[in-house]
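Novice: Quick one: this structure, given as structure tokens, is what I'll be asking you about.
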Amino acid sequence: MSRHPVLEAFMQETLPDILVGPLLRRCEPQRLVLWLVASRPLALQLTLSVDGASPTHDLAEATTCLAVGDHAHCHLIDLVLETPLPQETRIAYDLAYRDRHGAWCSLREWGPALAYPGETLPTLVLRTRHDALLHGSCRKPHHAGPDGLARGDRWLSERHQDAAARPAALILSGDQIYADDVAGPMLAAIHALIARLGLYDECLEGTEIATGEALYARDDTYYHRDELLPAATSNAALREKFFGGKRKPIFTTASAENHLITFAEVMAMYLLVWSPTPWQLIPREMPTLDAPAQARYRREQRHIDDFVATLPQVARLLAHLPTLMIFDDHDITDDWNLTAAWEAAVYGHPFSRRIVGNALLAYLLCQGWGNDPDGLAAPLAATRDWLAQRDAEGRLDCARHGELITQLLRFTGWGYTLDTQPRLVVLDTRTRRWRSERKRHRPSGLMDWEALSEFQQDLLEQSAVIIVSPAPIFGVKLIEGVQRLFTALGKPLMVDAENWMAHPGAAHTMLNILRHSRTPQRYVILSGDVHYSFVYAITLRQRRHSPRMWQVTSSGLKNTFPATLLDGFDRLNRWLYAPWSPLNWLTKRRRMLIEPYRPAHASHGERLWNRAGIGYVRLDAEGAPSEVRQLGADDVDTPFERDTR
């Protein structure tokens with residue numbers, strides 16, 4: 001790949017040792033999981049300061065280092081502690097590394113911006129209960145608005161010294177990146193970072209483009225990638241059923257002009273959305289574009305500049321709060337596994353299969369592993385072996401690449417459970433779908449019968465539970481009705497008809513689980529996906545001792561729904577599906593009473609909140625929400641209140 005002279009000048013500068021992180025991931029009294037990316041393999045040690053003691057732990061045995069490029073090394077740190085750490089107290093931590101001269105370099109030196117003013121190190125708090133959480137989803141860098149993660153940092157900065165006021169965790173419930181909807185300036189930064197760090201190249205299959213490097217050099221690599229994506233031109237019957245007879249890329253996103261393709265591209269994007277440091281290593285210059293693309297690029301550049309400006313705050317938040325994640329479709333591609341027909345088309349073509357697999361590989365390294373190191377040990381080991389084997393040109397082994405993707409596509413362990421108080425159950429609603437085999441163009445259920453049975457086992461005999469479901473289990477009935485109508489017309493892809501009620505088998509099984517007498521009496525369901533926020537309280541009709549459920553949806557961190565359209569849906573939904581409305585008896589949830597909360601200061605009839613931000617929920621001793629609010633990215637906070645009018 002030929003380099004611009006400005007990039008060549010950057011290449012002469014020395015890279016910093018730490019590129020991204022640390023991110024706190026799964027943290028428990030006897031186990032700390034952290035993630036960072038460095039420009040070289042590092043010897044690390046961790047000093048934990050609490051109650052006047054500061055023991056130092058060598059991390060040689062606790063660290064798995066995976067090279068994803070000549071100057072990009074993922075460090076996966078999983079430290080098991082013999083002596084449990086205290087809970088409900090602030091623990092300062094110093095992650096130090098051995099520099100090129102053999103001396104230990106403290107986080108005070110290499111990462112002072114990760115500490116809050118007046119302090120020299122970041123801190124963590126291990127809560128005895130998961131009774132307070134920050135949560136959100138859908139963070140699109142070039143959305144025209146501020147970043148909810150940066151708002152989370154400002155909120156934490158005001159109370160980080162009070163251990164009791166700290167959330168137990170930050171939960172990111174999907175679309176942490178938009179691999180399928182990338183701004184031109186972001187893609188240019190991705191390519192510059194690939195060159196700067198020497199991220200590994202790969203061969204490409206099912207296309208005339210031989211390698212990733214050849215892809216980056218093409219004139220149509222910016223704003224024309226939808227023309228490069230595989231198209232179902234040879235199967236007229238599939239085209240008729242799946243795309244209405246039109247020649248259309250197999251990928252169904254409407255924003256595929258810059259869809260990420262290679263493993264290196266997805267890895268670079270993760271580095272660029274979680275840390276300001278990579279942006280300082282590359283030039284910010286527009287590639288050669290035609291006039292319309294230049295105008296679009298400049299518009300997007302303003303939003304990307306705003307996004308980058310608050311990345312130091314985002315990095316600080318991720319260094320202070322244990323963070324748990326789960327994928328949704330945009331982490332891979334829009335409509336991921338929406339229908340059996342979609343799966344047949346995408347996985348039946350080697351190029352589209354590779355694109356999905358590359359995004360899933362990057363998810364494993366950057367998100368999945370930190371959620372559940374034990375459960376993901378096997379795919380991680382296979383990925384480590386693959387990364388270690390490259391051909392004479394330094395490219396990743398092509399045959400093993402395909403084999404690894406097959407292994408990941410068959411893997412069933414992406415969801416996970418934490419035995420916290422209350423128990424936290426995080427659902428994989430993307431890879432274990434309940435497929436409509438007889439009508440393959442209809443939406444698949446979000447989880448199949450086997451996955452739902454395992455989910456029920458996680459709930460048994462619990463008094464309270466927190467469920468993380470990327471898509472709301474209890475959504476807006478009118479919007480689901482519109483999606484059902486388009487599905488009946490054979491057009492589920494036009495309206496993203498992926499909700500729990502779209503598939504009868506999955507819907508009835510989930511509702512039966514929630515109604516089961518041996519499952520919890522208190523459910524809090526945290527969701528995202530929809531680009532607006534709302535809160536529902538749910539009880540069973542005609543049951544004296546009904547379980548109580550709360551659907552708490554916070555979306556998006558940096559995204560919103562079209563305002564006029566959502567306002568119309570909101571008001572019409574209240575008129576058509578009021579508690580007394582007979583239309584409720586036509587829904588699958590007719591045996592449940594669903595009562596919406598009202599956003600504070602909302603106008604009459606407004607129940608959906610359409611602002612970027614991050615959600616906050618606090619639970620009482622029984623696991624019921626005592627406080628729910630949206631922390632607006634614009635610094636306007638909105639409590640949700642039970643509607644008593």
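Residue-by-condition table, conditions (1) out of contact with any Gly (no Cβ under 7 Å at 6 or more places or on another chain); (2) not β-branched (Val, Ile, Thr):
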| site | (1), (2) |
| --- | --- |
| Arg159 | yes, yes |
| Asp162 | yes, yes |
| Ala168 | yes, yes |
| Ser173 | no, yes |
| Ala179 | yes, yes |
| Ala183 | yes, yes |
| Ile190 | yes, no |
| Ile194 | yes, no |
| Gly198 | no, yes |
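Novice: Mind counting the residues in segment 63-82 that are in contact (Cβ under 8 Å) with a residue 24 or more places away in the chain, of a type in the set (Val, Ile, Thr) and open to solvent by 10 Å² or more (accessible area, probe 1.4 Å)?
Specialist: Adding up the residues that qualify gives 2.
Novice: Would segment 113-127 turn up any residue that is of a type in the set (Gly, Ala, Ser) and open to solvent by 20 Å² or more (accessible area, probe 1.4 Å)?
Specialist: Checking segment 113-127: at least one residue is of a type in the set (Gly, Ala, Ser) and open to solvent by 20 Å² or more (accessible area, probe 1.4 Å).
Novice: Here's something else I'd like to know. Do we have any residue at all in segment 442-456 that's open to solvent by 20 Å² or more (accessible area, probe 1.4 Å), of a type in the set (S, T, N, Q) and either touching a Phe, Trp or Tyr at 6+ places or on another chain (Cβ under 6 Å) or at pLDDT 95 or above (or both)?
Specialist: yes
Novice: Here is a further query. For Leu42, are the conditions met, namely being open to solvent by less than 40 Å² (accessible area, probe 1.4 Å), outside any strand (DSSP E or B), among the hydrophobic types (A, V, I, L, M, F, W, C) and at pLDDT below 95?
Specialist: No, not satisfied.
Novice: Continuing with this model, one more query. As an exercise: evaluate Ile355 against (1) without any contact (Cβ under 8 Å) to a residue 60 or more places away in the chain; (2) more than 23 Å from Val468 (Cβ to Cβ) and give the number of the one condition it does not meet.
Specialist: It fails just one condition, (1).
Novice: Right, next: Does any residue of segment 408-429 turn out to be more than 25 Å from Val20 (Cβ to Cβ), open to solvent by less than 20 Å² (accessible area, probe 1.4 Å) and polar (S, T, N, Q)?
Specialist: Yes, there is a match, as at least one residue in segment 408-429 is more than 25 Å from Val20 (Cβ to Cβ), open to solvent by less than 20 Å² (accessible area, probe 1.4 Å) and polar (S, T, N, Q).
Novice: Read through the list (1) at pLDDT 95 or above; (2) in a helix (DSSP H, G or I), then give the number of the only condition that Val346 fails.
Specialist: Condition (1) is where Val346 drops out.
Novice: Let me ask something else. What tally of residues in segment 189-234 results from selecting those that are acidic (Asp, Glu) and without any contact (Cβ under 8 Å) to a residue 60 or more places away in the chain? Give the derivation first.
Specialist: So the first thing to find is which residues in segment 189-234 are acidic (Asp, Glu), and the list is 201-202, 205, 208, 213, 219-220, 226-227.
Going one step further and asking which of them are without any contact (Cβ under 8 Å) to a residue 60 or more places away in the chain, we end up with 208, 220, 226-227.
Selection size over segment 189-234: 4.
Novice: Checking Gln294 against (1) among the polar types (S, T, N, Q); (2) in a helix (DSSP H, G or I); (3) at pLDDT below 95; (4) surrounded by fewer than 22 Cβ atoms within 10 Å (Cβ to Cβ), which test does it fail?
Specialist: Evaluating Gln294 over (1) among the polar types (S, T, N, Q); (2) in a helix (DSSP H, G or I); (3) at pLDDT below 95; (4) surrounded by fewer than 22 Cβ atoms within 10 Å (Cβ to Cβ) leaves (3) as the failure.
Novice: Given the residues Leu526, Leu493, Leu478, which is the only one that is in contact with a Leu (Cβ under 9 Å, 6 or more places away or on another chain) and at pLDDT 95 or above?
Specialist: Step by step, each of Leu526, Leu493, Leu478 is checked, and only Leu526 is in contact with a Leu (Cβ under 9 Å, 6 or more places away or on another chain) and at pLDDT 95 or above.
Novice: So, one more: Name the pairs: first residue in segment 129-150 and at pLDDT below 95, second residue open to solvent by less than 10 Å² (accessible area, probe 1.4 Å) and of a type in the set (A, V, I, L, M, F, W, C), Cβ to Cβ under 7 Å, at least 6 apart or on different chains?
Specialist: Close Cβ pairs (under 7 Å, with a partner that is open to solvent by less than 10 Å² (accessible area, probe 1.4 Å) and of a type in the set (A, V, I, L, M, F, W, C)) amount to Gly145/Ala633.
Novice: Looking only at segment 330-357, filter to residues that are acidic (Asp, Glu) and touching a helix residue (DSSP H, G or I) at 6+ places or on another chain (Cβ under 7 Å); which one of those is surrounded by the most Cβ atoms within 10 Å (Cβ to Cβ)?
Specialist: Asp331
Novice: Any residue at all in segment 300-316 that's surrounded by 18 or more Cβ atoms within 10 Å (Cβ to Cβ), farther than 18 Å from Asp147 by Cβ and either touching a Pro at 6+ places or on another chain (Cβ under 6 Å) or of a type in the set (A, V, I, L, M, F, W, C) (or both)?
Specialist: No; the residues of segment 300-316 include none that is surrounded by 18 or more Cβ atoms within 10 Å (Cβ to Cβ), farther than 18 Å from Asp147 by Cβ and either touching a Pro at 6+ places or on another chain (Cβ under 6 Å) or of a type in the set (A, V, I, L, M, F, W, C) (or both).
Novice: Ile91: among the hydrophobic types (A, V, I, L, M, F, W, C), within 30 Å of Gly357 (Cα to Cα) and either in a loop (DSSP other than H, G, I, E, B) or modelled with pLDDT of 95 or more (or both), yes or no?
Specialist: Answer is no for this residue.
Novice: Restricted to segment 592-615, and to residues that are in contact (Cβ under 8 Å) with a residue 60 or more places away in the chain and in a loop (DSSP other than H, G, I, E, B), which residue is surrounded by the most Cβ atoms within 10 Å (Cβ to Cβ)?
Specialist: Here the answer is Ala612.
Novice: Consider Leu514 carefully, then state whether it is at pLDDT 85 or above and assigned to a helix (DSSP H, G or I).
Specialist: yes
Novice: Can I ask one more? Within segment 205-220, count every residue that is closer than 15 Å to Ala264 by Cα and polar (S, T, N, Q).
Specialist: The total comes to 1.
Novice: Given the conditions (1) modelled with pLDDT of 75 or more; (2) assigned to a loop (DSSP other than H, G, I, E, B), and given that Arg618 satisfies all but one, which numbered condition is not satisfied?
Specialist: Just one mismatch for Arg618, condition (2).
Novice: Does segment 171-205 hold any residues that are open to solvent by 10 Å² or more (accessible area, probe 1.4 Å) and either on the phi > 0 side of the Ramachandran plot or of a type in the set (Ser, Thr, Tyr) (or both), and which are they?
Specialist: Within segment 171-205, Gly198, Tyr200 meet the criteria.
Novice: Taking Arg100 and the conditions (1) surrounded by fewer than 22 Cβ atoms within 10 Å (Cβ to Cβ); (2) among the charged types (D, E, K, R); (3) assigned to a strand (DSSP E or B), which numbered condition does it fall short on, given that it satisfies the others?
Specialist: Just one mismatch for Arg100, condition (3).
Novice: Moving on to the next point. So in segment 518-571, with the set limited to residues that are within 17 Å of Pro599 (Cα to Cα) and more than 27 Å from the chain's Cα centre (by Cα), which one is surrounded by the most Cβ atoms within 10 Å (Cβ to Cβ)?
Specialist: So, considering only residues that are within 17 Å of Pro599 (Cα to Cα) and more than 27 Å from the chain's Cα centre (by Cα), the one surrounded by the most Cβ atoms within 10 Å (Cβ to Cβ) is Arg571.
Novice: Quick test of your reading of the structure: Tyr178 fulfils all but one of (1) more than 18 Å from the chain's Cα centre (by Cα); (2) within 14 Å of His259 (Cβ to Cβ); (3) hydroxyl-bearing (Ser, Thr, Tyr). Name the failing condition by number.
Specialist: Evaluating Tyr178 over (1) more than 18 Å from the chain's Cα centre (by Cα); (2) within 14 Å of His259 (Cβ to Cβ); (3) hydroxyl-bearing (Ser, Thr, Tyr) leaves (1) as the failure.
The values are calculated or read from the model by the stated rules, or taken from the named source; none is laboratory data. The structure presented is a predicted model; accordingly, all values stated were derived computationally and were not measured. FYI the Cβ positions are ideal-geometry reconstructions off the backbone, even for glycines, and counts take in every protein chain you see. Side chains are part of the model used for accessible areas, which takes the heavy atoms of the whole protein and leaves out ligands, DNA and RNA. Shrake-Rupley method; radii C 1.70, N 1.55, O 1.52, S 1.80 Å.
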